[in-house]
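Participant: Okay, here's the structure, questions in a sec.
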Amino acid sequence: MTKKLLVIANWKMNPDSPGRAVRLAKEVEKGLRGVKNVSVVIAPPYPFLESAGRALKRAKLGAQDLFWQNVGPYTGEVSWRQLKHLKVKYVILGHSERRIHLGETDQVINKKIKAAIKAGFIPVLAVGEQKRMSNKKMHRALLRQLSGDLAGVSARAFRKGVIAYEPVWAIGTGLSATPRHAKKALGMIKEILAGLWKTKKVSTPVLYGGSVKAGNAAAFVSTKGGAMQGMLVGGASLKPKEFIGIVRNSSSINVK
Ligand code: 13P
């Protein structure tokens, strides 16, 4: 493995108090001491970005969304420019929970991706099929999302970008996809991106997300398993021991 793996903690709408958020960030930070082969990103909810961000040194800070305008009458939204004042480096966009509960369309996600790139953030675009389906249908679903979300976004513009493959049926269910399934999706995603960008070589990292735990993490990143470039972790990222386990177990896999 030449490139560093990337493990992103998506805290979603957790925890429920600033004190808990800071404590969680501190515990994770402590557990990252000595970790080498893995870059870690923590994405807390907006109200805790600043306080949790202050507790991070080894881990980078991520946001879970952004709005494409810089300032103005957009009730409830948080703009890329506002996020620029914090230490945010990564932004998760297109998460299935936003697609499902907030009706985010590929056009909306596309605007956000473009704004994130323009602002200098690293976009982490989440895609994935809704339910278990045939290879043909799964390919079609990924193609629809990727071509819509990345419409007008060149390979050069997305050169720092990351794709997170998260099959919706594996999120929060405790039933992760198999590393083999993740590898199949990885192949499809690379092939779709190659087609969109008219290139043979796609170097965009692809992460796996969906019920990742300390016990199954290594299999997703090992070259004999899923061969993914990292993971996007939900539930397990709220338990410091479990999350550190994910980071450490995948890190040891890649030590040469
Ligand atoms: P879980 O790890 O809780 O399945 O969530 C995955 C996810 O949605 C991360 O963005």
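No lab work stands behind these numbers, since they all come straight from the coordinates. Bear in mind the structure is a predicted one, so any value in this text is a computation, not a measurement. Please note: Cβ atoms are built from the backbone with ideal geometry, for glycine as well, and neighbour counts cover all protein chains shown.
Participant: Could you work out how far the C-alpha centroid of region 165-195 sits from that of region 80-119, in angstrom?
Facilitator: With region 165-195 and region 80-119 each reduced to a Cα centre, they are spaced 21 Å.
Participant: So what's the convex hull volume per residue for the Cα atoms of region 213-256, in Å³?
Facilitator: Per residue, the Cα convex hull of region 213-256 comes to 56 Å³.
Participant: Taking the Cβ of each residue in 162, 71 as the centre, tally the other Cβ atoms inside 10 Å and list the residues starting with the fewest.
Facilitator: 71, 162
Participant: How high is the relative contact order of region 1-73? Use alpha-carbon pairs under 8 Å, at least six apart in sequence, and give a whole percent.
Facilitator: 36
Participant: May I ask for the percentage of alpha-carbon pairs in region 1-156 that lie more than 22 Å from each other?
Facilitator: Of the Cα pairs, 47 percent sit more than 22 Å apart.
Participant: Based on alpha-carbon centroids, what's the gap between region 127-159 and region 216-244 in Å, whole number please?
Facilitator: Cα centroid of region 127-159 versus Cα centroid of region 216-244: 22 Å apart.
Participant: Quick one: dipole size for the chain, taken about the Cα centre, charges +1 on Lys/Arg Cβ and -1 on Asp/Glu Cβ, in debye to the nearest 20.
Facilitator: The dipole magnitude comes to about 980 debye.
Participant: Suppose only helical runs count, i.e. DSSP H with n ≥ 4. What mean residue ellipticity at 222 nm does that imply for the chain under -39500 (n - 2.57) per run, divided by all residues and rounded to the nearest 500 deg cm²/dmol?
Facilitator: Dividing the helical sum by the residues of the chain leaves -12000 deg cm²/dmol.
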